[in-house]
Amino acid sequence: MQREQVIIIGGGPCGMSAAIEMQKQGIDPLIIEKGNIVNSIYHYPTHQTFFSSSEKLEIGDVPFISERQKPVRNEALTYYRGVSKRKQLRVNTFEKVLQVTKDGDGFLLDTHKEMNNENEKYRADYLVVATGYYDQPNFMDVPGEEREKVSHYFKEAHPFFDKEVAVIGGKNSAADAALELVKAGAHVTVLYRGSDYSKSIKPWILPQFSALVDKGIVKMEFEAEVKEITGNEIVYEVNGVQKRAPNDFTFAMTGYKPDHPFIKNIGVQIDEETGRPVFSEDTMETNVPGVYVAGVIAAGYNNNEIFIENGRWHGEKIAADICKEKEPSK
């Protein structure tokens, strides 16, 4: 069994930032990440441009130099790889934490390593949960959602040239996907349960998107509720009237949520209304002593509350608290 002082679950920017802050305090934590480092950013659309400027995405006092003020996905991937190498972070990628159990004043972790298909055990004095939310899509629970042609992630548009594509949702990710699909020559129908365009759509995207709708290039259905996805159609209702549209592929851009079952199993309490774990704003420590949260998981269901630009500071609070606990009482 491998013994660690601190294990960070999640190798995104906020988990990496927490590790760097601990390094400053003389702690060399282990990061365990079920995918590759900054796995969520890797799964962003290939054309993705960040809302934040590059300096607001910096971690570990390492400058983020980008071609434009707002970097694109590939620049971010290059930057965070560089930070990991420069700071010599200990990161076990493609290793999934299966279970965490309390062990005296510490924690036991059971993991599975994808690369060699083996299980591993660890013991840690402290845990930092920085698992984000992007791996947990909000499912619609409608017949046909399990079909291979349905995806909750949009990567790129090229494969969908001249295909009938439905985009479900009306916020940033849906509007952005629709724009890219139109550029690639797809025939796009957007189904949104809201009665008007979402106020969360980025201001430079909305005019482009609404212009395509006005010109009839994108078919936009407001107050639409999806009922079924068949092999060649999508069935939905608008104000009680059933409609059908031809459909080859569907992108359900219905948002994402934190992995509550995982942190609940550790013993962390969750506010049922907000989805926020119970934690101290000053230290980021949860109701379970020795377990901390970092990044967007601390925001619960409101994932627009915490981004990389403010979640990156959580590690400083955590490192300070762990080191304070280590200090002998006077």
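The values are calculated or read from the model by the stated rules, or taken from the named source; none is laboratory data. Predicted, not measured: the structure shown is a model, and the values here were computed from it. A quick note on method: Cβ atoms are made from the backbone with ideal geometry, for glycine too, and the neighbour counts reach across all protein chains shown. These accessible areas exclude ligands, DNA and RNA; they are computed on the full protein's heavy atoms, side chains included. Shrake-Rupley method; radii C 1.70, N 1.55, O 1.52, S 1.80 Å.
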If we ask which residues in region 181-219 are part of a helix (DSSP H, G or I) and of a type outside the set (A, V, I, L, M, F, W, C), their number turns out to be 5
Scope region 11-37; condition of a type outside the set (Asp, Glu), surrounded by fewer than 24 Cβ atoms within 10 Å (Cβ to Cβ) and assigned to a loop (DSSP other than H, G, I, E, B); matching residues
Gln25, Gly26, Ile27, Lys34, Gly35, Asn36, Ile37
Can you name the condition, by its number, that Gln2 falls short on among (1) touching a residue at least 24 places away in the same chain (Cβ under 8 Å); (2) touching a strand residue (DSSP E or B) at 6+ places or on another chain (Cβ under 9 Å); (3) farther than 25 Å from Leu181 by Cα; (4) buried (at least 16 other Cβ atoms within 10 Å of the Cβ)?
(4)
Odd one out for Gln269 among (1) out of contact with any Gly (no Cβ under 6 Å at 6 or more places or on another chain); (2) closer than 25 Å to Val38 by Cβ; (3) among the polar types (S, T, N, Q):
(2)
Given the structure, is Asp110 modelled with pLDDT under 95, outside any helix (DSSP H, G or I) and of a type in the set (D, E, K, R)?
no
Would you point out the residue of region 212-233, among those that are of a type outside the set (Gly, Ala, Ser) and touching a Lys or Arg at 6+ places or on another chain (Cβ under 7 Å), that is farthest from Val142 (Cα to Cα)?
Glu223
State yes or no: is Glu272 surrounded by fewer than 18 Cβ atoms within 10 Å (Cβ to Cβ), modelled with pLDDT under 95 and more than 28 Å from Arg73 (Cα to Cα)?
yes
Residue match in region 176-188 (condition: within 30 Å of Ile322 (Cα to Cα), open to solvent by less than 30 Å² (accessible area, probe 1.4 Å), under 21 Å from the mean Cα position of the chain (by Cα) and modelled with pLDDT of 95 or more):
no
Quick one: would you say Asn239 is of a type in the set (S, T, N, Q), open to solvent by 80 Å² or more (accessible area, probe 1.4 Å) and either at pLDDT below 95 or farther than 24 Å from Gly106 by Cα (or both)?
yes
I'm trying to understand the selection: among the residues of region 77-94, which are more than 21 Å from the chain's Cα centre (by Cα) and in a strand (DSSP E or B)?
Arg90
Residue list for region 117-174, filter: open to solvent by 40 Å² or more (accessible area, probe 1.4 Å) and assigned to a strand (DSSP E or B):
Glu118, Asn119, Glu120, Lys121, Asp125, Glu164
Exactly one of these conditions fails for Asp61: (1) of a type in the set (D, E, K, R); (2) under 18 Å from Lys85 (Cβ atoms); (3) part of a helix (DSSP H, G or I). Give me its number.
(3)
